[in-house]
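Structure record follows, encoded as structure tokens.
Just so it is clear, none of the values below were taken in a lab; they were calculated from the coordinates. Nothing here was measured: the structure is a model prediction, and the numbers come from that model. Please note: Cβ atoms are built from the backbone with ideal geometry, for glycine as well, and neighbour counts cover all protein chains shown.
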Amino acid sequence: MRDQHKPHFSIELPDAEATRKLGERLATLLRAGDCLTLSGELGAGKTTLVQGLAWGLGLPRTQYAPSPTYNVALTYPTTPLLHHIDLFRVGENAASLLGDAYFSDDAITVIEWPDRAISWLPSVRFEMRLEIAKLDQRRAEIFANQKELMERLFRI
């Protein structure tokens, strides 16, 4: 999915709390209309990162942002709205049935397992790969494929 020559940076995440904190930091740079894709194996921390992002966008800390694996898509009442899409159980054709409804100027869209529907994704987006470094530790690599996005990314 990513190009080795795209500008990016990496960050070490020593535990789940650090992964949530990264999500909260991303809430300060993502804007309505943005798309962030999350890739990585099962258990890499994708949903944990979305939890932090949702909290950073105003979801009360008493609420949990669950994985939408069985729902495919969930929308959280944040500002701006946060669409959380999980394509783990669907393919390219099924994802395209979602249409463009989740890519709007009044919401941030996060997509787990983007490799399941590459042609459906918006061309301008942030991409993140989460890897399991050790038992509880993760590594995040974050990419942007447009200059304006890169400039925002390096403010994190």
When the helices in the chain are scored as -39500 (n - 2.57) per DSSP H run of 4 or longer and the sum is shared across all residues, what 222 nm value do you end up with, to the nearest 500 deg cm²/dmol? -6500 deg cm²/dmol
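Tell me the relative contact order for the stretch 8-153 as a rounded percent, counting alpha carbon contacts under 8 Å between residues six or more apart. Before the final figure, lay out each step's value.
Working: 297 pairs, mean separation 49.2, N = 146.
It comes to 34 percent, rounded to a whole number.
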Taking amide H atoms as placed 1.01 Å from N in the peptide plane, list the residues 5 or more away in sequence, or in a different chain, whose amide H sits under 5 Å from that of Leu81. Ile108
What base-10 log of the normalised intensity I(q)/I(0) is obtained for the stretch 1-120 from the Debye formula, alpha carbons as equal point scatterers, at q = 0.21 Å⁻¹? -1.31
Interchain or sequence-distant (5+) residues whose placed amide H lies within less than 5 Å of the amide H of Ala44 are none
Between beta-carbons, use under 11 Å as the cut-off and find the net charge around Trp113, counting Lys and Arg +1, Asp and Glu -1. -1
